[in-house]
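Here's the structure, in structure tokens; my notes come after.
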Number of protein chains: 4
Amino acid sequence: MGDADRARLGVGMVGYSFMGAAHSQAWRTAPRFFDLPLRTEMTAVVGRDPERVAEAAARLGWDSTETDWHRLLERDDVDLVDICTPGDTHAEIAIAALDAGKHVLCEKPLANTVAEAEEMVAAADRAAARGVRAMVGFTYRRVPAIQLARQLVADGRIGQVRHVRAQYLQDWLSDPATPLSWRMDKKKAGSGALGDIGAHIVDLTQFITGEQITGVTGVLETFVTERPVATEFAGLSGTGGDETGPVSVDDAACFLATMSGGGLGVFEATRYAQGRKNAIRLEINGSRGSLAFDFEDMNVLHFYDADESGATAGFRRIVVTESDHHAYVAAWWPPGHGLGYEHAFTHQVVDLVSAIAAGDDPAPSFADGLGVQRVLDAVERSAEKGIWLDV
Amino acid sequence: MGDADRARLGVGMVGYSFMGAAHSQAWRTAPRFFDLPLRTEMTAVVGRDPERVAEAAARLGWDSTETDWHRLLERDDVDLVDICTPGDTHAEIAIAALDAGKHVLCEKPLANTVAEAEEMVAAADRAAARGVRAMVGFTYRRVPAIQLARQLVADGRIGQVRHVRAQYLQDWLSDPATPLSWRMDKKKAGSGALGDIGAHIVDLTQFITGEQITGVTGVLETFVTERPVATEFAGLSGTGGDETGPVSVDDAACFLATMSGGGLGVFEATRYAQGRKNAIRLEINGSRGSLAFDFEDMNVLHFYDADESGATAGFRRIVVTESDHHAYVAAWWPPGHGLGYEHAFTHQVVDLVSAIAAGDDPAPSFADGLGVQRVLDAVERSAEKGIWLDV
Amino acid sequence: MGDADRARLGVGMVGYSFMGAAHSQAWRTAPRFFDLPLRTEMTAVVGRDPERVAEAAARLGWDSTETDWHRLLERDDVDLVDICTPGDTHAEIAIAALDAGKHVLCEKPLANTVAEAEEMVAAADRAAARGVRAMVGFTYRRVPAIQLARQLVADGRIGQVRHVRAQYLQDWLSDPATPLSWRMDKKKAGSGALGDIGAHIVDLTQFITGEQITGVTGVLETFVTERPVATEFAGLSGTGGDETGPVSVDDAACFLATMSGGGLGVFEATRYAQGRKNAIRLEINGSRGSLAFDFEDMNVLHFYDADESGATAGFRRIVVTESDHHAYVAAWWPPGHGLGYEHAFTHQVVDLVSAIAAGDDPAPSFADGLGVQRVLDAVERSAEKGIWLDV
Amino acid sequence: MGDADRARLGVGMVGYSFMGAAHSQAWRTAPRFFDLPLRTEMTAVVGRDPERVAEAAARLGWDSTETDWHRLLERDDVDLVDICTPGDTHAEIAIAALDAGKHVLCEKPLANTVAEAEEMVAAADRAAARGVRAMVGFTYRRVPAIQLARQLVADGRIGQVRHVRAQYLQDWLSDPATPLSWRMDKKKAGSGALGDIGAHIVDLTQFITGEQITGVTGVLETFVTERPVATEFAGLSGTGGDETGPVSVDDAACFLATMSGGGLGVFEATRYAQGRKNAIRLEINGSRGSLAFDFEDMNVLHFYDADESGATAGFRRIVVTESDHHAYVAAWWPPGHGLGYEHAFTHQVVDLVSAIAAGDDPAPSFADGLGVQRVLDAVERSAEKGIWLDV
């Protein structure tokens, strides 16, 4: 499709650190590898500090800057607001943007509370009625191996789901000397490992199985309760480097779950698994087969087909890079030339832009995000009370 | 040591199916590869059917047979009773044997109830006062890689334990057509996956970490509630092959746990994990490092040392076959010439006979077995009530 | 560094298919993640068909087009020529470009013959004397795990190299129905698996070990000697789809090698290894340790340190994503958020631009490319004669 | 089958160190797990030192001892001679035993020279005519995963063999301080890595593929040419511990090969691969699929089926422990309860005794052993001359 045939989609992004960099790479790259139905433009990026946001815009490829996100809502050249800020700001920005008629892509977790998430879903419903779209950024869904997993479940290849075991293991807080950041502050982050990384395995489980988590019992733990205040903040307070502050979120979250199809789930999210850097591990056992995935080997899906002859039955290590068979990969490189972490963000842009152009509601929707939030909330409440709770 | 210098130790074994075959191989093999301090003899094997037990004795290498286990207690040439029967008979046999002055090796789980296990511990205590020894057969402790894991924890190499994730995954009940057996009968087996295989990962966790599980919340599930009656029983009842009977035990058990050192545990035992044949998986994350083990690759231990330089830090795949460094292996083959499932039983004989000769209490003791039983019992009660329970 | 402080570097690229797409992504991406010392611009792309090159320019992000590569040499706004065409054209374009004062990045293999490669080295030497730089695109050197491998060898961590075993395994020609392409035409490609993929493992071996391959004995094989002519060509000839043509290159190449440090090498390149998609596998055994790499798990290097205590010695699975310790990765994502195939091309741009700005000769040089070519040539001659040949 | 129904087979074993221990375990264990058609008895073991052989007999379970192997040939109670001595003695013992009407099991390599091996084949032929059987001990054939590999090839599941890559990697000579032993003495051992471990991968290749190696070009290397004389010998010579002696065999052997079906082979045997303890690795690529095996994970075979749908194609990790489908394992333990190194020796006894009882020629025959010897011989001569040689 030629540029002239494509309507323009101006994007404004709020926030430009880790997630902002990943989203920028996606907005830059998607139109180079995929035949997008809209002509995306990286119109504006928002940050409070004028100099730093200007530097970010130049580095990341945005055409202009704003220091107040409200300005995006007033700009006619911005059609979509991409929210890459901490969770405590999501609801306000997303609701305002949707009500202003801007499509929204919002980073996960959707919000820090169920109440906020419910308001966001209401706003998304209002917006959808006017053709304005909202999506939440559970990016890992866009890893080709995860897409294949979902497809195999949907095709009945593993039968009825009996077990889900899901882990998201990192180790960057194992060292008590690692300083405080907003991710350890309950006000900003809502929760710790639970919301930051546990949210991903909840979403992946519900996405791949097509089922809902219906009940949970959980435990949260904070192994290191005081941490050094980071130098830049310490300097401001004039007290030097010995200052510490409280960690107000969980370091680790474990929970058991019942699934809507009758299966059992076991979930674990932690930043204290020494040696595990970003290990998102999923194993699903069904009546006819099993699936296993580990993000440390992200281009691979393991699949066991119990219908296979006993002599040759075994987990197949599928390298998910076949153009004719696996989602997204036809746009990239030959078989075996694997993708990396950032590619899922590019696929997210492709799916979002395609949905907007087609007039479809993109997935995962804000309602999906709320569903995840309700699970996380039930886990938190369950952990307080020591009992099982329905979601 | 020459035979003349060694005191004789006559062994009588009760039961001769799966576990009996494994124990027999161990009694036959231990003196061939290890320099045992006692001269073990395979004196008698017990079974109810005289013809079948005679066939078993010939095949497995036992010198005589009995059809009533009480007879072992009367025989002067039997010094040790090796109990390889279903769990509902353990308490009676073990207590009688100990009270009769016979050493006892009892298969796991120690008993089907905590009450029985407590009586067994009392009997073991009485016996110990008279120099009579009791051991419970948590055999997987004797896998060299597990011994290394315990050693590394004891040496402080992984620091303070923060996470244990332990799974015992099998798939032999995935097919609803698999017929009933005593392992699915609560009266005989006590419980299902929980006691049969969950017991192993509870023991391994407590053994490796040197800590106790202090609290649990769990869930049990029976996915297939009716199964065909096996042909031999069906024949007896005269009703033909369509008869089914109820499964009275759990197919799967999952539970969360708190550890005495402040860490969190996540446990899962199931016979419905399609494609996993006997996957005992343990991963332990501590403040200074991590360990990982999978019985599907049983000669290997993975160890992450967080003190290692960041450039070369990584999980080490240790092939646990070095004579100078790893338990038991000096008696066997050169490096890399791995051991199999049965070798752990041989090591169990070696350790038991050595303890008896030295006048030491062997480990795992009946008290250790009771400790495991209390965890399993707390999981069962927790699963009924939906709450956390102290062990 | 601000844009105003950076000199401009205009790039002209010849060819825009697979390699052209990978190079374009690199030119677009490098300045977004790395602080390049020159301001790179994607000035022009060259292709013979005006419409198709215009489409490619728009899609890939080039500012202008040319239909004759000679035009690049006349343009003042082009400082560097990036050659992404088949091997038979490399020498002519590269020599002309260097003599015209343009820096050159030339895809591998450097040339189809040693004679051409020698002329290219002479041109690169002439150019270097005038401050004009030449580099050959052995991209896999820029994978962080490969950089770490070289560093560990250079630091003496594996001691004296005794064994290199290197394989490049693909399977895309396993099916005899796969049609002919220029890669199976000796005139265009020079050789088959040997030059296309064998060249990479020769370069990687010499790069990582810092040694030269000094002698070889090899064998080449063509398993499928006739293949269908691809439809678009078949149509032109008017003969329909049954036409076949001869394969004039090797399908597979195997060779033994002696290394300059006294070690032995075993090399294998094939497109007939069913199930292996792009498996570049290297294992190097030295007197003090070993290294192993497989591109199917490209963010990982395995390292065995023989100085390690016997109890815990084992291959370490190093996830090569640590900002403080591993090359390139600080510019990208947090630990464990892996890179993909294309990132090595971005790193290639970074290293090339840095060398040009610093006035250094970039590596791998044309002389390095000639060195690889001489090995490939010796293998071909050895295979004809059935004897060992010095390189 | 009852004992009374079985004819007796008296076994006499020559040598009782590493191989003798493995064979003894096999003779002891085979009748316990398998229903052998003959009643095997461990009649006599032979060693030169009367005290040491008596100790070995007691420890290993042999009923009597001899200090001269010729005595076995005179004993009526010995029906089979099991030769576990160094290669230089194989021919003399085996030929004499066969000519005396004793069945022979001879450890590999069959002999130290082709000439000796040819005489042994002639003796085996003479013996076979009289119903006396001869087998050579390429034990690894009896690993269940290897049996499955052969079956899959025979069933056409990987199609026509195009590539074999086979490695046998150990590291026990990596340290120059490791002292001399008979395995480094050309007179005793015939060759070094080539005959000791290279012989195994040659046999496995020919066994699994059902093809012959038809031509080779190879290289042998001795990395450490002088080694300490072991203390016990040094003591005898009265010169103390500083004495060194020459290594007269190869440390490593690499060779290329052509296969009778048109495929290419790449072989490597070394004792200098740091970190690889006993890594027998085989990968075979055929027109329809591939197989991969690593003895470090000996209960597993990897199989790629190119006929599989592209979406789910991948190497299957087959755990080769299914009673209904995999050779030998029905006699042992439940699925996933893996076997170890020694079990292949037990399977060897089973197959040998079964062949003797059935009046069949057992495999691998002495002719198979001669075939391997001819390959090794061609490699040695090729390495001297630097050319390809037909086998």
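What are the residues in segment B:268-285 that are assigned to a strand (DSSP E or B) and more than 13 Å from chain D (Cβ to nearest Cβ), if any?
Of the residues in segment B:268-285, the ones assigned to a strand (DSSP E or B) are B:268-270, B:279-285.
Selection gives B:GLU268, B:ALA269, B:THR270, B:LEU282, B:GLU283, B:ILE284, B:ASN285.
Within segment C:268-278, work out how many residues are within 23 Å of C:ALA383 (Cβ to Cβ) and open to solvent by less than 10 Å² (accessible area, probe 1.4 Å). First the steps, then the outcome.
Restricting attention to segment C:268-278, the residues satisfying the condition of being within 23 Å of C:ALA383 (Cβ to Cβ) are C:268-273, C:276.
Those still in the list that are open to solvent by less than 10 Å² (accessible area, probe 1.4 Å) too: C:268-273.
Residues flagged as within 23 Å of C:ALA383 (Cβ to Cβ) and open to solvent by less than 10 Å² (accessible area, probe 1.4 Å) within segment C:268-278 amount to 6.
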Residue in segment D:1-16 that is farthest from the other protein chains (Cβ to nearest Cβ), counting only those that are at pLDDT 95 or above and farther than 28 Å from D:GLY87 by Cα: D:ALA7
Answer residue from segment B:57-79, given it is open to solvent by 70 Å² or more (accessible area, probe 1.4 Å) and acidic (Asp, Glu) and is nearest to B:HIS23 (Cα to Cα) among those: B:ASP63
Flag if B:ILE280 is farther than 21 Å from B:LEU220 by Cα and of a type in the set (A, V, I, L, M): no
All positions within segment C:293-317 that are within 18 Å of C:PHE207 (Cα to Cα), open to solvent by less than 10 Å² (accessible area, probe 1.4 Å) and either in a loop (DSSP other than H, G, I, E, B) or at the interface with chain D (Cβ under 10 Å from one of its Cβ atoms) (or both): C:PHE303
In segment A:11-56, the residues that are without any contact (Cβ under 8 Å) to a residue 60 or more places away in the chain, open to solvent by less than 10 Å² (accessible area, probe 1.4 Å) and under 29 Å from C:ALA22 (Cβ atoms): A:SER24, A:THR43, A:VAL45, A:ALA56
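Looking at segment B:103-136, which of its residues are in a strand (DSSP E or B) and open to solvent by less than 20 Å² (accessible area, probe 1.4 Å)? Before you say what the answer is, go through the steps one by one.
Going through segment B:103-136, the residues in a strand (DSSP E or B) turn out to be B:103-107, B:134-136.
Residues satisfying the conditions are B:VAL104, B:LEU105, B:CYS106, B:GLU107, B:ALA134, B:MET135, B:VAL136.
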Residue that is farther than 26 Å from C:ASP250 by Cα and in contact (Cβ under 8 Å) with a residue 40 or more places away in the chain, where the choices are D:ILE280, D:ILE284: D:ILE280
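Given the criterion under 30 Å from D:ALA330 (Cβ atoms) and more than 14 Å from chain C (Cβ to nearest Cβ), identify the matching residue among D:ALA134, D:ALA189, D:ALA111. Steps first, answer last, please.
Values: D:ALA189 fails: under 30 Å from D:ALA330 (Cβ atoms); D:ALA111 fails: under 30 Å from D:ALA330 (Cβ atoms).
None of the other options fit; the residue is D:ALA134.
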Checklist (1) touching a Cys at 6+ places or on another chain (Cβ under 6 Å); (2) free of Cβ contacts under 8 Å to residues at least 24 places away in the same chain applied to C:GLU226, failing item: (1)
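Tell me yes or no: at least one residue of segment A:350-368 is assigned to a loop (DSSP other than H, G, I, E, B), within 9 Å of another protein chain (Cβ to nearest Cβ) and over 27 Å from A:GLY195 (Cβ atoms). Can you show your working first?
The initial filter retains those residues of segment A:350-368 that are assigned to a loop (DSSP other than H, G, I, E, B), namely A:359-365.
Retained after the next criterion (residues that are within 9 Å of another protein chain (Cβ to nearest Cβ)): none.
No.
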Some residue of segment A:92-102 being buried (at least 23 other Cβ atoms within 10 Å of the Cβ), modelled with pLDDT of 95 or more and under 30 Å from C:ALA57 (Cα atoms): no
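Return the residues of segment A:334-349 that are within 14 Å of chain C (Cβ to nearest Cβ) and either of a type outside the set (A, V, I, L, M, F, W, C) or touching an Asp or Glu at 6+ places or on another chain (Cβ under 7 Å) (or both); say none if nothing qualifies. Write out each step before concluding.
As a first pass, look at segment A:334-349 and keep what is within 14 Å of chain C (Cβ to nearest Cβ): A:334-347.
Answer for segment A:334-349, where residues must be within 14 Å of chain C (Cβ to nearest Cβ) and either of a type outside the set (A, V, I, L, M, F, W, C) or touching an Asp or Glu at 6+ places or on another chain (Cβ under 7 Å) (or both): A:PRO334, A:PRO335, A:GLY336, A:HIS337, A:GLY338, A:GLY340, A:TYR341, A:GLU342, A:HIS343, A:THR346, A:HIS347.
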Search result, residues across segment A:17-45 that are over 23 Å from C:ALA56 (Cβ atoms), modelled with pLDDT of 95 or more and not β-branched (Val, Ile, Thr): A:MET19, A:GLY20, A:ALA21, A:ALA22, A:HIS23, A:SER24, A:ALA44
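Do we find that B:GLY265 is in contact with a strand residue (DSSP E or B) (Cβ under 7 Å, 6 or more places away or on another chain), assigned to a loop (DSSP other than H, G, I, E, B), in the same structural domain as B:ASP203 (by TED's automatic domain parsing) and open to solvent by less than 10 Å² (accessible area, probe 1.4 Å) in this structure? So that I can check it myself, show each step before the final result.
Details: in contact with a strand residue (DSSP E or B) (Cβ under 7 Å, 6 or more places away or on another chain): yes; assigned to a loop (DSSP other than H, G, I, E, B): no; in the same structural domain as B:ASP203 (by TED's automatic domain parsing): yes; open to solvent by less than 10 Å² (accessible area, probe 1.4 Å): yes.
In short, no.
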Tally of residues being open to solvent by 10 Å² or more (accessible area, probe 1.4 Å), closer than 22 Å to D:GLU268 by Cα and out of contact with any helix residue (DSSP H, G or I) (no Cβ under 6 Å at 6 or more places or on another chain) across segment D:342-373: 2
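The values are calculated or read from the model by the stated rules, or taken from the named source; none is laboratory data. What you see is a predicted model, and the numbers here were worked out from it, not measured in a lab. Note: ideal-geometry Cβ built from the backbone for every residue, glycine included; neighbour counts use all protein chains shown. When the accessible area is computed, the model is the full protein with side chains, heavy atoms only, and any ligands, DNA or RNA have been set aside. Shrake-Rupley method; radii C 1.70, N 1.55, O 1.52, S 1.80 Å.
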